[in-house]
1. Excluding residues on the same chain fewer than 8 positions from Lys354, give the aspartates and glutamates whose Cα lies under 16 Å from its Cα.
2. Enumerate the lysines that Lys321 could reach by cross-link, defined here as Cα to Cα under 19 Å, with residues fewer than 8 away along the same chain left out.
3. Could you sort 306-312, 88-94, 379-385 so that the peptide with the highest average Cβ count within 10 Å comes first and the rest follow in order?
4. Out of Pro216, Pro279, Pro396, any idea which swings most in a Gaussian network model of the chain, alpha carbons joined below 10 Å?
5. Which value, in Å² and to the nearest 10, is the accessible area of Lys333 when all protein chains are kept and the probe is 1.4 Å?
6. Roughly how many Å² is the accessible area per residue of the stretch 303-413, as a whole number, for a 1.4 Å probe?
7. Choose one answer from Asp127, Asp240, Asp199: the residue with the largest mean-square fluctuation in a GNM of the chain with alpha-carbon springs under 10 Å.
8. Using a 1.4 angstrom probe, figure out how much accessible area the stretch 182-294 has per residue, in square angstrom, rounded to the nearest whole.
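The values are calculated or read from the model by the stated rules, or taken from the named source; none is laboratory data. From a predicted model like this one, the values you see are computed outputs, not experimental measurements. All Cβ positions, glycine included, derive from the backbone under ideal geometry; neighbour counts span all protein chains shown. Heavy atoms of the whole protein, side chains included, go into the accessibility calculation; ligands, DNA and RNA do not. Shrake-Rupley method; radii C 1.70, N 1.55, O 1.52, S 1.80 Å.
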Amino acid sequence: MKRRDIVKGLPLLPLVGGISGGLFPSGSLFAAIDTPQKNVPDYFEELGITRVINAAATMTYLSGSLMLPEVMEAINATAHDFANMHELQDKVGVKIAEMLHCEAAMVTSGAACALVLGTAAAITGTDEEKRKQIPNLPGPRPEVIMQKKHRYVFDQAVATAGAKIVEVENAEEMEKAINERTVMALFFNAATSWYGGEDAIGHEEFIAISRRHQIPTFIDAAADVPPVENLFKYQEMGFDMVTFSGGKMIRGPQSAGLLFGRKDLIEAAKLNHSPYEAPIGRPMKVNKEEIFGMYAALKAYLEKDHKKEWKEWLGRTAYLKDSLTAVSGVRAKVFIPEGRANVFPTLDLFWEKKDISLSPREIYEKLKGGNPSIVTSITTRNSREVLNVGVVLLKPEQVELVAEKIRELLDNS
Ligand SMILES: *Cc1c(COP(=O)(O)O)cnc(C)c1O
């Protein structure tokens with residue numbers, strides 16, 4: 001946003017001399033938005049924070065993703081006025097639902113929040129008393145069905161909302177487990193990526209069984225774009241609620257996410273969320289700018305030329321492969337996971353001890369310990385330890401730098 005646009009937005013202030021000299025001290029909050037380069041301290045430097053080059057994947061401890069320029073613009077452009085949060089959530093939800101071809105949608109504080117709100121919605125519906133009482137409803141705890149092989153760290157959200165998880169190992173057990181306390185069935189989409197193997201109960205069967213008993217289904221697909229088509233796939237299959245993280249490859253705010261699907265459930269989820277004053281979701285507030293930002297991120301993500309981006313990623317892995325296999329003894333292979341999460345090209349690097357004395361893990365540690373710190377991954381393929389270099393989160397100019405730094409370590413090893 002240009003400074004003159006901001007000034008236009010302040011019609012009651014005298015335009016000459018008023019802004020920097022009077023009401024606002026010089027270097028006011030508006031100035032920072034206009035000119036990020038000028039007069040803004042280097043906060044990384046001021047606080048002694050190490051800049052990280054992310055040659056891995058979207059990881060929460062590494063601040064997720066870098067927001068798209070469109071997201072930053074949306075955040076900056078909407079920060080100067082108040083809005084009614086109910087209206088904002090409702091209207092953004094309508095737009096997102098149109099974009100994703102589903103009935104309703106909302107912005108949550110990440111997929112983890114969507115799991116809490118979706119479970120809460122399934123427990124309370126629009127019942128105000130229940131909303132006030134969860135997670136401690138009187139009587140036996142509500143139950144959520146999950147496949148035993150789908151249990152994962154994020155399912156604690158189910159307990160947060162007051163339900164308990166009932167594990168099943170196959171379709172027959174699932175049929176039998178459903179009873180009058182069952183409120184939802186939760187499917188962890190990337191379980192096969194995390195743990196290997198197959199789903200004991202596939203998507204379609206999982207939905208069919210739940211439907212027969214009128215149990216709402218929820219699918220956690222937090223990290224499951226690309227491909228972009230996945231943003232449409234699961235509601236089309238018939239899942240009642242779907243979540244994706246905002247701060248992973250969609251490149252929205254790290255603390256935002258999407259919950260979408262059946263209208264009655266999304267409305268019930270909203271009732272369990274901020275800005276309502278006492279519900280379970282109040283500590284999971286999403287601010288106004290992030291709601292706008294999440295909307296802008298999704299719009300930009302859907303409009304993106306995904307084929308071109310994929311080619312660009314392959315170009316990066318090819319560049320790294322060429323420059324690093326020039327070191328004698330180093331071998332490299334482009335690796336694209338076959339599962340449902342983090343499906344994009346990366347580069348595996350490996351070598352024999354006789355050629356390079358440092359192990360992949362030692363190189364990993366040295367890269368990570370540098371300044372800037374370069375974070376890659378260590379992984380095992382066919383019982384061989386490999387250094388895996390991710391390319392999708394690198395800024396264009398970082399590709400060469402990462403190649404150079406790895407090469408330096410290999411050369412001197
Ligand atoms: C990242 C992730 C989450 C949590 O998402 P946030 O947006 O960080 O809250 C939940 N489930 C899965 C499978 C994830 O990968």
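1. Answer for Lys354, where 16 Å is the Cα cut-off: Glu362, Glu385, Asp411, listed by chain and number.
2. Within the straight-line cut-off, Lys321 pairs with Lys311, Lys333, Lys395, Lys405.
3. Values: 306-312: 12.4, 88-94: 17.3, 379-385: 10.1.
By packing density, highest mean first, the sequence is 88-94, 306-312, 379-385.
4. With Cα springs under 10 Å in the chain, the top fluctuation among Pro216, Pro279, Pro396 is at Pro396.
5. 130 Å²
6. Values: 6020 Å² over 111 residues.
Per residue, the stretch 303-413 has 54 Å² of solvent-accessible surface.
7. With Cα springs under 10 Å in the chain, the top fluctuation among Asp127, Asp240, Asp199 is at Asp127.
8. On the way: 3960 Å² over 113 residues.
For the stretch 182-294, the solvent-accessible area averages 35 Å² per residue.
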